[in-house]
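Input: a single structure, listed below in structure tokens.
Since every read-out is calculated from the coordinates, none of them should be taken as a lab result. Remember, predicted model here, so these are calculated numbers, not experimental data. All Cβ positions, even for glycine, are placed from backbone atoms using ideal geometry, and neighbour counts span all protein chains on display.
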Amino acid sequence: MSAPWIVLLVVAGYMVVLAGISYVVRRASRTSEGFASGGRVFPAVLIGFLLMSEFIGTSATLGTAQKAYSVGISAAWNVIALAIGFVLFSLFVARKYKALGENTISGALATTYGEGVRTATSVIMTCALLIVAVAIYASGGAMLSSLLGIDRDWAIVVVGVLATVYVVVGGMRSVVYTNVLHAVMKLAAVGVLAVIGVSRVGGIGELRAALPAESFSVDGVGWAQIFAWLIAGVGAIFATQYVVQAVTTVRDPGRAQRAGFYSALMLVPFGILAAVVGMVSAVLYPGIDSIDALPVLAVDIHPLLTALVMCGLVGAILGSIAALIIGSATLLLKDFYRPYFNTDGDDRKDVVFLRLATFGAGVVPIALALFAEDVLAVTFLAKSLRAALAVLIVLMFYKPGYGSSRGAAVSIVVALVATTGWFLAGDPFGIDNAYVAVACPLVIMTVVHVLGRRGRTPVVKEEAT
């Protein structure tokens, strides 16, 4: 049997397993709350796997290897920043989110800054999540194109349609269970590629001899870039819809905190291994497009191992897309559909809308993905946008009287426009868009607090129910 058929059969078997899981737990998606939250509480370790798997999509996997192909081991900071973010999240806000009782970012901010902030938060969060979906589809399409020898555009369409259908069927409970499998497969995939790649180079010593010394420097990518990754990564974790949705499914605040620690423990080795893959590809395959650093090694090994890697990358696509589109659909349901189109609270209508919104959120990014090239940069923009919300979340939990409701709403709108514009302009003066995203709410809320104390809209803190 030829290698492509072996890969396809193994991947098809993996998809059958996923479909079986979704089928077994499908009853949990028959109500709107069951579809969005899984209909039960989950152990912290399962949510830790879920969180890790959600953040490690194909854009992070291929993007880290792509960056490491050029700059070396310091590209791992792209993922290690997420691990640091989860540690900080666990220490400072996980318990507070769980105690608040809200499973949307917009709902959480509305408890402090009023209902006017809810819509603005939903808009920026939905934009950020769909931007990440674009990057995942683009990198997933590039991966399939390299591994299976098919046209990149068709590969993107296939990735998008399959991922969307997978999520529409199962809802949140299937996402939790399948992401445990996805997380294991992702770690196994990059681990296999890193070990094989280092072995082919001749060992770590030969790898050091073949690459410039700066490739092994922890700050080879530059501290400005590392700090930008930290700001964007920490901000994304503090203010991402599917993170809040996940931590509210555990039994109590203590378990919510532990879930973040479990995720961090898995992210660190993943980032290092993905960077090593990019480095060995730079030695073994000089002159290729950097985005092919991981795929080109994956097709140059035994077909069964290629199939294992392919399953891990398929898991990377499905795990992240599941979280992104369910998160987007939940925001659309709670902040737009229910208040304006289902005021009588008919749950059957909510379920229909959730499935349609999930399908739409999965399909719309496909068209944009056809034009995306630098997947790591696109993903980073989405993290930056969420970093702006993270500033407001920290203020909400630790300084609720700072700024005002109106200032919070203006901060969100200005941050969305300014950060996106700065990114499209190519980050002028060498200032990364992540700094712009964080500066906007800090400056606006500070100005409102200092100069508008008498005339500002009062901040109202509601008790969590």
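With distances taken between every two different alpha-carbon atoms, the range 3-388 has a Kirkwood hydrodynamic radius of 20.6 Å.
For the pair F216 and V45, a Förster radius of 45 Å applied to the C-beta separation gives a FRET efficiency near 0.85, rounded to the nearest 0.05. Full extension of the chain between S70 and L304 gives 81.4 nm of extra length, using 0.36 nm per residue less the Cα-Cα distance. Using the Cβ-Cβ distance between A188 and R348 with R0 set to 41 Å, the FRET efficiency from 1/(1 + (r/R0)^6) comes to roughly 0.50.
Using the empirical formula 2.2 N^0.38 Å as the baseline, the Cα radius of gyration of the range 326-418 reaches a ratio of 1.37.
Estimated at 0.36 nm per residue, the fully extended path between A209 and T446 surpasses their Cα-Cα distance by 80.2 nm. In this structure, K399 and L9 have a Cβ-Cβ separation that, at R0 = 45 Å, corresponds to a calculated FRET efficiency of about 0.20. Non-local lysine pairs in the range 3-388, meaning eight or more places apart or on different chains, with alpha-carbon distances under 20 Å, amount to 4. With contacts taken as Cα pairs under 8 Å at a separation of at least 6 residues, the chain carries a relative contact order of 33 percent. The stretch between F227 and L370 holds 48.5 nm of extra length on full extension. This uses 0.36 nm per residue minus the Cα-Cα distance.
Distance between the C-alpha centres of the range 3-26 and the range 314-359: 25 Å, rounded to the whole angstrom. DSSP H helices in the chain with Cα extent of 20 Å or more along the helix axis and mean Kyte-Doolittle hydropathy at least -0.5? Sorted by number, the helices that extend far enough and score high enough are 3-24, 77-92, 116-148, 152-201, 223-238, 253-284, 303-332, 347-369, 375-398, 405-424, 433-451. Grouping the Cα pair distances of the range 111-269 into 10 Å bins from zero gives a pair-distance distribution of 8, 22, 36, 25, 9, 1, 0 percent in increasing distance order.
Site pair S199 and E115 shows an inter-label distance of 6.3 nm when each label is modelled 7 Å from Cα along Cα→Cβ.
Taking packing as the residue-averaged number of other Cβ atoms within 10 angstrom, the listed peptides 123-134, 287-298, 199-210 run from highest to lowest as 123-134, 287-298, 199-210. With the cut-off at 1.5 for a/c, could you classify the range 224-351 from its C-alpha gyration tensor as rounded, prolate or oblate? Prolate, because a/c is 1.5 or more and a/b exceeds b/c. Cα centroid separation, the range 241-275 to the range 106-147: 19 Å. Using just its DSSP H runs of length 4 or more, each adding -39500 (n - 2.57), the chain gives a mean residue ellipticity at 222 nm of -26000 deg cm²/dmol after division by all residues.
Arranged from fewest to most other beta-carbon atoms within 10 Å of their beta carbon, M15, M396 become M15, M396.
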